[in-house]
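The values are calculated or read from the model by the stated rules, or taken from the named source; none is laboratory data. Owing to the predicted nature of the structure, the values given are computational and were not obtained by experimental measurement. Using ideal geometry, Cβ is built from the backbone for each residue, glycine included, and neighbour counts are taken over all protein chains shown.
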Amino acid sequence: MGQTYDVIIIGAGPAGLTAGIYAARADLSTLLIERYGAGGQILNTYEVDNYPGLPGITGGELGYKISSHLDKFNVARQMAEVLAIDFCEGANKVITDTGEYIGKTVILATGNSPKKLGLPGEAEFTGAGVSYCATCDGAFFKKKTVAVIGGGDVAVEDAIFLARGCEKVYLVHRRDELRAAKILQKALFELKNVEVVWDSIPKEVAGEGSVKGLVIENVKSHEGKTLDVSGVFIATGNDPNCSYTDGVKKDEKGYVIADETCVTSAPGIFAAGDIRSKHLRQVSTAVADGANAVYSVQEYLLQKGM
């Protein structure tokens, strides 16, 4: 297994990358394990307009900038998928599909993934009209009609993005008002090719070979109808990526419990970014977590005399 690292960081989103930068500057021997490459979910975001100092930057550009910053330092990076973690104080074993690695401490920064609704037809048509990433797949639906499911920031952002190329966009929301930021709502309501379908829930994705429609039901009248669409974009929230974290306490939604110090219930294990149980999940809060986690790692190593 070779070297024992001061810290192993799992995840290469803004939290993990920032943790890597801070760990390198603290002269900690560091291994960053990344599954799909650097950037995390911001790679799926067309525009990040609320990151301080970089208004209007795309998610891809921001991910590249943070990753390039990390590349200036001597941080080992390994492309691998984590299969399990054997928690052992001072010698945590991270088991991956490319080998096993030992870390005195571990920072969990694996983020979260889009939540699936379990609708009839959803799994069948995933990749054939059903998508969880508008910026990834929107180009396939130019001049077509699509539906977005959700009412938060991501759903509204997706609808706005899709409206630039689609003939029409339905935004299907179970309530009679949106949860998204007011500035996003204002931009949405100004678009003539977007129709908000209020008080409605999806019941089935219909089609043959590919998506042909979305069956919905009004929650008040219980009337059903089918929207004629070629694509369905699901943006109803996320689930934490923490299938291998049974050794730490989690909240009722499965997020790892840790306060702003990023300290978890397991000695030497820290949680940063979207995997952590917290009120707000944004790039700025992920970056803050990455810095805080490394500070806590330093304190832990000092206290343990490692």
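Observations on the model:
- Candidates Lys116, Lys93, Lys72 - the one that is closer than 18 Å to Ile269 by Cβ and among the basic types (Lys, Arg): Lys93
- In region 261-306, the residues that are at pLDDT 95 or above, acidic (Asp, Glu) and crowded, with 21+ Cβ neighbours inside 10 Å: Asp289
- Qualifying residues in region 26-65 (those that are on the phi < 0 side of the Ramachandran plot, part of a helix (DSSP H, G or I) and touching a residue at least 60 places away in the same chain (Cβ under 8 Å)) - the one farthest from the chain's Cα centre (by Cα): Leu62
- On the stretch given as region 180-205, residues that are crowded, with 17+ Cβ neighbours inside 10 Å and of a type in the set (S, T, N, Q) total 2.
- Among residues that are in the same structural domain as Ser131 (by TED's automatic domain parsing) and on the phi > 0 side of the Ramachandran plot, His222 is included.
- Apart from one condition, Asp49 fits all of (1) touching a Gly at 6+ places or on another chain (Cβ under 8 Å); (2) within 26 Å of Cys242 (Cα to Cα); the exception is (2).
- Within region 3-22, residues that are touching a residue at least 40 places away in the same chain (Cβ under 8 Å) sit with their Cβ atoms under 7 Å from residues that are part of a loop (DSSP other than H, G, I, E, B) and among the aromatic types (Phe, Trp, Tyr), at 6+ positions apart or across chains, in these pairs: Ile21/Phe73.
- Restricting region 282-306 to residues that are part of a loop (DSSP other than H, G, I, E, B) and in contact (Cβ under 8 Å) with a residue 60 or more places away in the chain, the residue that is farthest from the chain's Cα centre (by Cα): Met306
- Taken over region 240-260, the criterion of being exposed (fewer than 14 other Cβ atoms within 10 Å of the Cβ) and in contact with a strand residue (DSSP E or B) (Cβ under 8 Å, 6 or more places away or on another chain) is satisfied by Lys249, Lys253.
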